[in-house]
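What follows is one structure encoded as structure tokens, with my remarks underneath.
The values are calculated or read from the model by the stated rules, or taken from the named source; none is laboratory data. Predicted, not measured: the structure shown is a model, and the values here were computed from it. Cβ coordinates were reconstructed from backbone atoms using ideal geometry, including for glycine residues, and neighbour counts include every protein chain displayed. SASA here: full protein model, heavy atoms, side chains in, ligands and nucleic acids out. Shrake-Rupley method; radii C 1.70, N 1.55, O 1.52, S 1.80 Å.
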Amino acid sequence: MSNTERLKQIISGLTEQTGLVDFYIEEANKLERRDTSFVICDLDDTLFGRRDQMKAEPELVKRRWYEWNVYMINQIWIHSMIKNHYEWKSYPQDIIEKLSPEHTLLLTAWVPEYQYLKRRAMKLDNFPIKVVWEWKDKIMATIQYILFELKYIPSEIIVYEDRPQYFIQYRELIEWVLGCELTIMRVEMDGNEGYKKIEQD
């Protein structure tokens, strides 16, 4: 099996349009390569812990994913969640102090309107953000952002994630398509008190 055939087999777990592998590789070959690192950073439970808000909103704990979003939007309201759990709240700076807006993308999932307001409440408006529907969508979003928005290939992409399983599963796809190294940092927060661990996977 050739490398391209293997990559098409891998990407089939993300999209039926497996021919995108050839397209992405061709686009990557057109771009400048820079000896620099670019960071992809999650938001929830990576920069800002949700433990305390889960304790304060027990109805949310009973619900998962789509039902969580529906209840939060219809019953609690987005602005109430932001006001009660994000505005003027401190959060650990261990990761954010290492980041610069021009070399970082906040890549997160769930409801875009909610995530945009979180970013504002955390005073991170100067950082670009992309919101996808679910975690596995982050893989294609990473490739697309590098190719069509960043428009250069860094020598290394560093990912900070509390749930890095998809980046681990699709590491080979990202590295082969973009031709760069992928460094995955698994994050475990201690609420917003600090970090239990930030370690390479």
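Before we move on, is Tyr145 among the aromatic types (Phe, Trp, Tyr), open to solvent by 60 Å² or more (accessible area, probe 1.4 Å) and closer than 30 Å to Tyr91 by Cα?
On the way: among the aromatic types (Phe, Trp, Tyr): yes; open to solvent by 60 Å² or more (accessible area, probe 1.4 Å): no; closer than 30 Å to Tyr91 by Cα: yes.
For Tyr145, the condition - among the aromatic types (Phe, Trp, Tyr), open to solvent by 60 Å² or more (accessible area, probe 1.4 Å) and closer than 30 Å to Tyr91 by Cα - is not met.
Taking the conditions exactly as written (exposed (fewer than 15 other Cβ atoms within 10 Å of the Cβ), of a type in the set (Asp, Glu) and part of a helix (DSSP H, G or I)), does Glu5 satisfy them or not?
When the stated conditions are applied, Glu5 passes them.
Using the structure shown, decide if Phe48 is within 21 Å of Arg120 (Cα to Cα), surrounded by 11 or more Cβ atoms within 10 Å (Cβ to Cβ) and hydrophobic (A, V, I, L, M, F, W, C).
Here the answer is yes, as Phe48 does meet what is asked.
Are there any pairs, at least 6 apart or on different chains, whose C-beta atoms fall under 8 Å, with the first in segment 40-62 and in a helix (DSSP H, G or I) and the second open to solvent by 40 Å² or more (accessible area, probe 1.4 Å) and among the polar types (S, T, N, Q), and if so, which?
Correct list of pairs: Gln53/Asn84; Ala56/Asn84; Glu59/Gln75.
Looking at segment 165-172, is at least one residue within 17 Å of the chain's Cα centre (by Cα), open to solvent by 10 Å² or more (accessible area, probe 1.4 Å), within 21 Å of Phe127 (Cβ to Cβ) and hydroxyl-bearing (Ser, Thr, Tyr)? Explain how you work it out, then say what you get.
Step one: of segment 165-172, the residues within 17 Å of the chain's Cα centre (by Cα) are 165-171.
Those still in the list that are open to solvent by 10 Å² or more (accessible area, probe 1.4 Å) too: 165-166, 168-171.
Retained after the next criterion (residues that are within 21 Å of Phe127 (Cβ to Cβ)): none.
No, the conditions are met nowhere in segment 165-172.
Please pick out the residue among Met54, Met72 that is surrounded by fewer than 16 Cβ atoms within 10 Å (Cβ to Cβ), in contact with a helix residue (DSSP H, G or I) (Cβ under 9 Å, 6 or more places away or on another chain), farther than 23 Å from Pro128 by Cβ and among the hydrophobic types (A, V, I, L, M, F, W, C).
Going through Met54, Met72 in turn, the sole match is Met54.
Can you name every residue in segment 95-142 that is assigned to a helix (DSSP H, G or I), closer than 25 Å to Ile10 by Cα and open to solvent by 30 Å² or more (accessible area, probe 1.4 Å)?
Asp137
Does Thr36 fit the bill of being in contact (Cβ under 8 Å) with a residue 40 or more places away in the chain and exposed (fewer than 12 other Cβ atoms within 10 Å of the Cβ)?
Details: in contact (Cβ under 8 Å) with a residue 40 or more places away in the chain: yes; exposed (fewer than 12 other Cβ atoms within 10 Å of the Cβ): yes.
Yes: the conditions hold for Thr36.
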